[in-house]
Each structure stands twice: as C-alpha cells, then as structure tokens.
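The values are calculated or read from the model by the stated rules, or taken from the named source; none is laboratory data. Note that the structure is predicted; figures quoted are calculated from it, not measured. Quick reminder, even Gly has a Cβ in these numbers, built from the backbone with ideal geometry, and neighbours come from all protein chains shown. For the accessible areas, the whole protein counts, side chains as well, though only heavy atoms, and no ligand, DNA or RNA atoms are used. Shrake-Rupley method; radii C 1.70, N 1.55, O 1.52, S 1.80 Å.
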Amino acid sequence: MSIPIVIALLLAEAVILVAALFIIYKLQPKPKARTTIASGRKDAPGWVYEFVDPDTGVTVYVGQAFDVEKRVDQHLRASMSTGLLYSWIAGLVQQGKRPIVRKVAHGSGRNELVRMEQDRINELLADGAKLFNRQASQQSSLHLRLATIEEEPH
C-alpha cells in the first residue's frame, strides 16, 4: 500500500472518530438549572443588594444573594484577607520594593498541604504575628461588626 493511501485512510478514520464523539456529546442529557443549597429550588426568593459608601451615599457595588448576611460575610472576609494582601504588595511595588517569598514546607498532596499551611498559620499566630490570611477565629459573623445591612422599606 502506498503512503498517500495510508495517510488518506488515517485521516478518514480520524474524521469519523471526531464525528462520532461530537454526536455522543450532543446526545448527552443537558445539566438541569442550578439550584441553591439553601433552598433546593432554582426559583427560591432572594435579594439584590448594594454596597453604599457611608461618606457619599453612592452605590459602589451591586450583587444578588439568597442570604444577604452570609454573602456580605463572604465579601468582608475576602476583603480582609486577599484585599489587604494585594494592597500591601501594591504598596511595596509603588515604593520600588519587592516582597520576599520564602518556601517553608513541601507536601505530597492537597490534604497534607492544607494541614501544613494551617500548622504554620497557628505557629505564627502563637508567636503574635498579624497575618492577612483568613483566621479560624473569625468564625463570628463579620457583617454584624463591620457592615450595616438596611432593609428596603415596603
């Protein structure tokens, strides 16, 4: 058999295989509409909320949630961890400095890494370090301490 015929047969086989995979993909059942854990229904009632600057009264963010207090807690926790870290890094860069990143441990899997990370955080906290990480001690609701949630008048 000549080489061009072999190549043509291989290409035809590849086209048939791709077509078969495409048909199989198209015939698979489509995922149902997402539901919420809290409600179990896609039509559960929720809220549209906004963050308002307390000095100017200007809306700075609009979001939606089924549980506004829980979602506000998520926003506040993220802003207190990643937001502060990124602000710190940006401040260093603006000063012409570079943060130092030190590798302190190596793990063999996700579970081990999570444990090692938490051990290191606990060790540093015990020594009085102030970390940007989310802290286990922040389990209480942050929105109760750091945000005012207003109800819309009826």
### Query
Hey, among the residues in segment 41-95 that are among the polar types (S, T, N, Q), outside any loop (DSSP other than H, G, I, E, B) and open to solvent by 90 Å² or more (accessible area, probe 1.4 Å), which one's modelled with the highest pLDDT?
Gln64
## Note on the structure
Checked pairs for segment 94-122, first free of Cβ contacts under 8 Å to residues at least 12 places away in the same chain, second among the hydrophobic types (A, V, I, L, M, F, W, C), C-beta under 7 Å and 6 or more apart or across chains, list as Arg98/Leu92; Pro99/Ile89; Pro99/Leu92; Gly107/Leu113; Gly107/Met116; Met116/Ala105
### Query
Can you find even one residue in segment 100-111 that is in a helix (DSSP H, G or I) and either of a type outside the set (Val, Ile, Thr) or over 30 Å from Leu144 (Cβ atoms) (or both)?
yes
